[in-house]
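These notes are about the structure you will find just below.
The values are calculated or read from the model by the stated rules, or taken from the named source; none is laboratory data. The model shown is predicted, which means the values in this text are computed figures rather than measured ones. Backbone-built Cβ (ideal geometry, glycine too); neighbour counts: all protein chains shown.
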Amino acid sequence: MAAPVDRIPSDALIALGCEGSANKLGIGIIAHDPTTGKSSVLANIRHTFVSPPGTGFLPKDTARHHRSFFVQVARSALRAAGIPPSRLACICYTKGPGMGAPLQSVAVAARTLSLLWDKPLVGVNHCVGHIEMGREITGAGNPVVLYVSGGNSQVIAYAEQRYRIFGETLDIAVGNCLDRFARTLNISNDPAPGHNIEQLAKQAVADGILLDLPYAVKGMDCSFSGILAAADGLAAQMQEQDAREARGEPAVDEAAGEVRITPARLCYSLQETVFAMLVEITERAMAHVGSAQVLIVGGVGCNERLQAMMGQMAAERGGSVYATDERFCIDNGIMIAHAGLLAFETGFRTPLAESTCTQRFRTDEVHVKWRD
Amino acid sequence: MAADSATHAFPLPAILEYPSSTPPQLITQGAEGRLYKSTYLLPSIPCALKYRPPKPWRHPVLDARLTRHRILAEARNLAKCRREGVPVPTVYAIDESAGWLMMEWVAGVPVRAAINEWLQRRRDAERAEGRSGDAIVEGTRDADADLVALLRRIAAAVGRMHKIGIIHGDLTTSNMMLRPWERGKEPANGHNVEGDGLLEGDIVIIDFGLASQSTSEEDRAVDLYVLERAFTSTHSRAEKLFTTILESEYREAFKQAPIVLKKLEDVRMRGRKRSMLG
């Protein structure tokens with residue numbers, strides 16, 4: 001991982017990015033070579049706050065986690081990059097969107113670094129960070145972007161220097177739906193609830209039984225809260241079946257056509273349903289803008305089933321899917337450093353007095369000056 | 001049939017595999033399915049065949065359920081629109097389990113293409129005059145009259161559809177056709193007779209694949225919001241003009257329209273300021 005400092009051209013711009021909008025604290029260091037236009041990742045360190053099974057991460061605990069680990073993570077990032085702080089061009093940090101308290105802790109820390117090392121600050125939109133990093137890693141030129149994470153579900157296409165939102169969730173994010181369902185089933189949050197749902201779902205692929213869940217697509221938007229409620233209802237039904245079985249009674253009434261519900265079947269059905277919705281709205285956006293490329297970013301983008309479904313859809317349209325692995329899909333500091341540095345190169349700075357953070361920061365509010 | 005290898009890159013639906021004097025032609029691969037041009041009963045009656053092929057990426061049970069449900073809903077809603085005088089293609093035939101719906105062929109171009117072409121010409125004209133060419137379309141210049149008239153017709157057509165209790169579900173300018181007026185039948189509705197004729201024609205709303213029946217203000221407002229956002233993202237230079245005209249013209253369409261527009265403001269706020277964590 002550690003790139004020797006002598007391999008970085010002396011005129012390269014180097015940025016340090018700090019991310020902490022949710023339960024991941026990430027610090028990354030990236031270098032942009034001005035002659036080749038290539039960027040190289042010098043460090044990408046992450047520390048995740050994992051809450052016990054059945055619970056989610058609360059803002060105050062998450063903020064405390066970020067405060068406690070910031071110095072340690074920053075030091076290991078600098079060590080991995082093998083550069084002194086004086087070599088940095090700017091300090092980038094997540095301005096939003098995200099959870100208030102964690103964002104604040106990281107913004108304070110970024111300000112501290114900025115004053116300590118006398119470097120300008122660059123506030124970055126988290127969603128734009130994901131998109132730019134995805135484009136950089138995969139080499140996708142102008143894709144339709146599906147951004148799916150614990151807090152966001154958006155279908156985005158670029159037009160006239162903005163990342164425009166074509167469709168999005170009308171209520172909770174898809175990752176939130178999966179995370180909360182993991183809590184219902186008491187599935188571990190380590191390494192991530194979505195990952196564990198994915199593994200559990202694989203056990204139900206063989207019999208392929210799809211439990212009945214609502215399918216909520218409205219135009220290019222979709223909705224997940226009703227699906228979560230229905231899945232929670234099925235989980236309660238499963239517990240009744242378990243209880244009947246424990247009493248020595250038959251778990252299901254086969255004459256009435258009742259199906260035995262298992263955690264694996266629930267996870268499988270939930271994934272199949274919500275991912276079908278996401279692929280559908282992405283396909284609609286692709287048809288609308290006439291693009292055959294699709295890029296998946298955000299934590300849920302790591303899911304291999306989602307990637308496979310999207311790949312099949314894109315192939316049918318004569319295109320392809322671009323996805324990254326967990327290093328870049330899941331929240332990280334490097335994406336903040338990369339998007340921040342792109343803005344920095346166009347002259348963008350965030351003065352100290354304005355270096356605030358905000359829970360609400362739409363993807364289409366950012367002026368994407370670095371693209372045509 | 002050697003020439004249309006592109007047409008047959010996809011397997012044809014069974015209904016189009018019968019020998020015919022007019023070979024089916026693949027018009028477009030939309031998000032939902034494929035649209036073929038064929039003929040109905042006589043070689044002289046063109047028709048559109050909408051085929052929803054199985055989606056291999058979707059679970060087969062879910063796929064069959066969605067396809068059946070959507071084909072049936074689409075046919076019902078088209079029939080209702082037709083009965084109540086909303087300009088839509090007529091349904092000719094249907095087989096919901098095979099996934100196809102055959103309907104009237106609508107001549108003309110999609111509104112999206114017409115507006116983009118119009119905006120492009122306007123940009124070229126502005127550049128020819130030495131301006132940057134990305135000015136916002138205000139709708140106040142004489143040359144804008146065609147666009148203003150078209151946007152009015154769009155708003156009126158949507159208003160009429162909402163009036164009879166149909167929600168389209170995927171209102172975009174790609175889902176509206178501009179059917180050329182028959183010669184001598186051009187309406188006197190303020191369109192620029194001296195213009196290039198690019199934006200002339202009747203609005204015909206197509207693709208009722210996501211339509212539903214509802215008279216709730218909320219559903220209607222969401223329908224308008226979908227259109228507004230699709231418009232903003234594809235024709236951003238005429239965004240403000242569109243919103244203004246939509247509001248003034250739609251208001252007149254039916255009694256509850258002002259309430260729907262009030263609701264649209266709420267929907268916009270919800271859409272733009274929703275808390276986003278992550």
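May I ask you to verify whether B:ALA156 is under 19 Å from B:ARG251 (Cβ atoms) and among the small types (Gly, Ala, Ser)?
Criteria met by B:ALA156.
Taking segment B:234-245 on its own, how many of its residues are buried (at least 20 other Cβ atoms within 10 Å of the Cβ) and either among the hydroxyl-bearing types (Ser, Thr, Tyr) or touching a Lys or Arg at 6+ places or on another chain (Cβ under 9 Å) (or both)?
3
Which of the following residues is without any contact (Cβ under 8 Å) to a residue 24 or more places away in the chain and either β-branched (Val, Ile, Thr) or surrounded by 14 or more Cβ atoms within 10 Å (Cβ to Cβ) (or both): B:ARG112, B:ARG82, B:ARG68, B:ARG52?
From the options B:ARG112, B:ARG82, B:ARG68, B:ARG52, the qualifying one is B:ARG82.
Looking at segment A:266-300, which of its residues are assigned to a strand (DSSP E or B) and out of contact with any Leu (no Cβ under 9 Å at 6 or more places or on another chain)?
Correct list: A:GLN293 only.
With the checklist (1) farther than 18 Å from A:ASN332 by Cα; (2) buried (at least 23 other Cβ atoms within 10 Å of the Cβ); (3) within 14 Å of chain B (Cβ to nearest Cβ) in hand, flag the one item A:PRO143 doesn't pass.
Against the list (1) farther than 18 Å from A:ASN332 by Cα; (2) buried (at least 23 other Cβ atoms within 10 Å of the Cβ); (3) within 14 Å of chain B (Cβ to nearest Cβ), A:PRO143 comes up short only on (3).
Take the residues in segment A:315-365 that are among the β-branched types (Val, Ile, Thr) and surrounded by fewer than 20 Cβ atoms within 10 Å (Cβ to Cβ), then tell me which one is farthest from A:ILE14 (Cα to Cα).
A:THR358
Condition check ((1) away from chain B (no Cβ under 14 Å); (2) surrounded by fewer than 24 Cβ atoms within 10 Å (Cβ to Cβ); (3) touching a Pro at 6+ places or on another chain (Cβ under 7 Å)) across all residues:
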{"residue": "A:ILE27", "(1), (2), (3)": "yes, no, no"}
{"residue": "A:GLY54", "(1), (2), (3)": "yes, yes, no"}
{"residue": "A:ALA63", "(1), (2), (3)": "no, yes, yes"}
{"residue": "A:ARG67", "(1), (2), (3)": "yes, yes, no"}
{"residue": "A:ARG75", "(1), (2), (3)": "yes, yes, no"}
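Going residue by residue through segment A:243-265, is there one that turns out to be assigned to a helix (DSSP H, G or I) and within 14 Å of another protein chain (Cβ to nearest Cβ)?
Checked against the condition, which is being assigned to a helix (DSSP H, G or I) and within 14 Å of another protein chain (Cβ to nearest Cβ), segment A:243-265 yields at least one hit.
Out of A:CYS90, A:CYS127, report the one residue that is among the hydrophobic types (A, V, I, L, M, F, W, C) and away from chain B (no Cβ under 11 Å).
The match here is A:CYS90.
Hey, does segment B:35-48 have a residue that's of a type in the set (S, T, N, Q) and over 20 Å from B:VAL204 (Cβ atoms)?
The answer is yes; a qualifying residue exists.
Going by the structure shown, is A:ILE165 within 19 Å of A:MET277 (Cα to Cα) and of a type in the set (Val, Ile, Thr)?
So A:ILE165 passes the test.
Which condition from (1) within 12 Å of another protein chain (Cβ to nearest Cβ); (2) buried (at least 18 other Cβ atoms within 10 Å of the Cβ) is the one that A:GLY208 breaks?
Failing condition for A:GLY208: (2).
Since B:PHE231 meets every condition but one in (1) of a type outside the set (S, T, N, Q); (2) surrounded by fewer than 22 Cβ atoms within 10 Å (Cβ to Cβ); (3) touching an Asp or Glu at 6+ places or on another chain (Cβ under 7 Å), which condition does it not meet?
Here B:PHE231 meets the rest and fails (2).
Here is a list of conditions, (1) under 26 Å from A:ALA287 (Cβ atoms); (2) within 18 Å of the chain's Cα centre (by Cα); (3) away from chain A (no Cβ under 14 Å), and B:GLY165 meets all of them except one; can you say which number that is?
Condition not satisfied by B:GLY165: (1).
Would you check which residues across segment A:190-203 are farther than 14 Å from A:THR273 by Cα and at pLDDT 95 or above and list them?
A:PRO193, A:GLY194, A:HIS195, A:ASN196, A:GLN199, A:LEU200, A:LYS202, A:GLN203
Within segment A:305-344, how many residues turn out to be closer than 30 Å to A:LEU88 by Cα and more than 14 Å from every other protein chain (Cβ to nearest Cβ)?
16
Modelled with pLDDT under 95, small (Gly, Ala, Ser) and within 22 Å of A:GLY311 (Cα to Cα): does that describe A:GLY141?
yes
Six or more apart or on different chains, Cβ under 7 Å: which pairs go from a residue in segment A:156-174 that's more than 9 Å from chain B (Cβ to nearest Cβ) to one that's of a type in the set (Lys, Arg)? Could you list them?
A:ILE156/A:ARG164; A:TYR158/A:ARG371; A:GLN161/A:LYS369; A:GLN161/A:ARG371
Does A:ALA109 satisfy the criteria of being surrounded by fewer than 20 Cβ atoms within 10 Å (Cβ to Cβ) and out of contact with any Asp or Glu (no Cβ under 8 Å at 6 or more places or on another chain)?
Spelling it out, it is not the case that A:ALA109 is surrounded by fewer than 20 Cβ atoms within 10 Å (Cβ to Cβ) and out of contact with any Asp or Glu (no Cβ under 8 Å at 6 or more places or on another chain).
Let's see how each residue does on (1) at pLDDT below 90; (2) not in a helix (DSSP H, G or I); (3) not assigned by TED's automatic domain parsing to the domain that holds B:PHE242:
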{"residue": "B:ARG82", "(1), (2), (3)": "no, no, yes"}
{"residue": "B:PRO87", "(1), (2), (3)": "no, yes, yes"}
{"residue": "B:ALA114", "(1), (2), (3)": "no, no, no"}
{"residue": "B:ARG121", "(1), (2), (3)": "yes, no, no"}
{"residue": "B:ASP134", "(1), (2), (3)": "yes, yes, no"}
{"residue": "B:GLU138", "(1), (2), (3)": "yes, yes, no"}
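Quick one: which of B:ILE71, B:ILE45, B:ILE27 is closer than 25 Å to B:MET176 by Cβ, within 14 Å of chain A (Cβ to nearest Cβ) and at pLDDT below 95?
B:ILE27
Only residues that are touching a residue at least 60 places away in the same chain (Cβ under 8 Å) and more than 10 Å from every other protein chain (Cβ to nearest Cβ): list them for segment A:284-299, please.
A:SER291, A:GLN293, A:VAL294, A:LEU295, A:ILE296, A:VAL297
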